[in-house]
Amino acid sequence: MTDIAPYLELIRYDGTLVPSSRTLYQLHLRHTHTIPFENLSPLTGEEVRLDIPSLLEKFTVRNRGGYCFEHNTVFQHVLQQLGFKTLNLAARVRLNEPDEVITPRSHMLLLVEADGQQWVADTGFGGMTLPVPIRFIVDEIQDTPHGQYRLGCDSRIYRLETQIKEEWKVLYMFDLAPHYPPDYEVYNWHVSRHPSSYFVTDLVAARAAKEGRHVLHDTQYSFYSLAGEVEKRQLHSVNEIKELLENTFRIRTDGVPKLDARLDALLTAGENSRL
């Protein structure tokens with residue numbers, strides 16, 4: 001377990017390492033509140049590597065975040081080192097997608113066993129990431145530090161749903177077919193390289209906090225407080241974006257090649273769209 005010691009230090013976890021539901025809950029909570037969701041690598045053309053040494057180095061040494069394949073690959077590795085049994089799954093994202101559109105399997109999540117129960121764990125779904133694991137139980141509304149979630153099911157296809165503006169929305173759909181590292185390598189290549197991929201064209205960052213969620217999309221920053229208030233701010237310069245990434249999202253930006261040029265292009269595109 002020596003390779004996960006820097007990870008545990010990063011998320012400031014000093015609790016028990018017994019593979020229990022309490023340990024799972026606390027690790028998940030600390031992970032989502034510490035390691036940001038971000039796509040600077042695919043945005044700037046940097047390779048997204050999914051091997052454990054590269055991912056641990058990215059998180060703990062380079063002070064970066066990542067997206068679902070990176071977050072959940074590391075989280076699963078940590079859980080396995082502690083003795084948890086896990087199952088890798090893949091989902092089709094449905095949030096903000098028309099009902100008639102069939103989306104690819106582009107999201108990774110985990111099914112984890114702890115204390116005789118199964119739990120859905122997912123540390124990498126952007127601004128709507130589960131802050132803590134939820135029980136793998138259908139049609140039960142479950143409270144989390146960041147709102148209510150529930151699982152639905154139809155013909156063995158499960159849906160993760162959450163309340164957005166007092167309306168239940170489907171975040172993604174999945175089945176229980178196991179997935180393996182080669183599967184995620186294929187999905188990861190498409191998400192990080194295909195010219196039409198959202199992660200190649202748009203800037204995305206998110207981080208959960210005790211008081212709410214921080215979200216950045218291109219040049220607009222939003223903060224969604226637990227009290228229901230929303231703060232929005234338009235960013236107007238490369239330095240302003242980088243300062244926000246560094247201080248609010250805790251993303252080190254000085255080692256990201258071509259970042260300034262990509263941010264400048266996003267700012268120009270945003271200005272043109274407002275003309």
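The values are calculated or read from the model by the stated rules, or taken from the named source; none is laboratory data. The structure displayed is predicted, hence computed values, not measured ones. Cβ atoms come from the backbone with ideal geometry, glycine included; neighbour counts cover every protein chain shown. Keep in mind that these areas ignore ligands, DNA and RNA; they rest on the heavy atoms of the full protein, side chains included. Shrake-Rupley method; radii C 1.70, N 1.55, O 1.52, S 1.80 Å.
Below are the figures for this structure:
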item: Calculated [θ] (222 nm, deg cm²/dmol) that DSSP helices of n ≥ 4 give over the chain, each run adding -39,500 (n - 2.57); result: -9500 deg cm²/dmol
item: Probe 1.4 Å - accessible area at H77, Å² to nearest ten; result: 30 Å²
item: For region 1-101, accessible area per residue (1.4 Å probe, heavy atoms of protein chains only), Å²; result: 42 Å²
item: Region 53-209: C-alpha gyration tensor shape, a/c 1.5 cut-off, then a/b vs b/c; result: rounded
item: Cα gyration tensor category, rounded, prolate or oblate, for region 232-275 with a/c compared to 1.5; result: oblate
item: Helix 259-273 vs. the chain, principal-axis angle (Cα, 0 to 90°, nearest 10); result: 70 degrees
item: Tilt relative to the chain, helix 21-34 - C-alpha long axis, 0 to 90 degrees, to 10; result: 0 degrees
item: Share, in percent, of DSSP beta bridges within the chain that are antiparallel, nearest 5; result: 95 percent
item: Prolate/oblate/rounded label for region 1-93 (Cα gyration tensor, a/c 1.5); result: prolate
item: Chain lengthening between R22 and S155 when straightened (0.36 nm per residue, less Cα-Cα); result: 44.7 nm
item: Computed FRET value (nearest 0.05) for H217 with D175, which takes r as the C-beta separation and R₀ as 30 Å; result: 0.55
item: For the chain, fraction of C-alpha pairs farther apart than 32 Å, in %; result: 20 percent
item: 0 to 90° range, to nearest 10: angle between helix 238-247 axis and the chain longest Cα axis; result: 30 degrees
item: Segments 238-248, 119-129, 175-185 sorted - mean Cβ within 10 Å per residue, highest first; result: 119-129, 238-248, 175-185
item: Accessible area expressed per residue, region 156-215, with surrounding protein chains retained (probe 1.4 Å, Å²); result: 56 Å²
item: Relative contact order of region 94-212, pairs being alpha-carbon contacts under 8 Å that are 6 or more residues apart, as %; result: 18 percent
item: Simple spin-label estimate for N247 and V138 in nanometres, 7 Å along Cα-Cβ; result: 4.9 nm
item: Percent accessible area from carbon and sulfur atoms, the chain, protein chains only, probe 1.4 Å; result: 50 percent
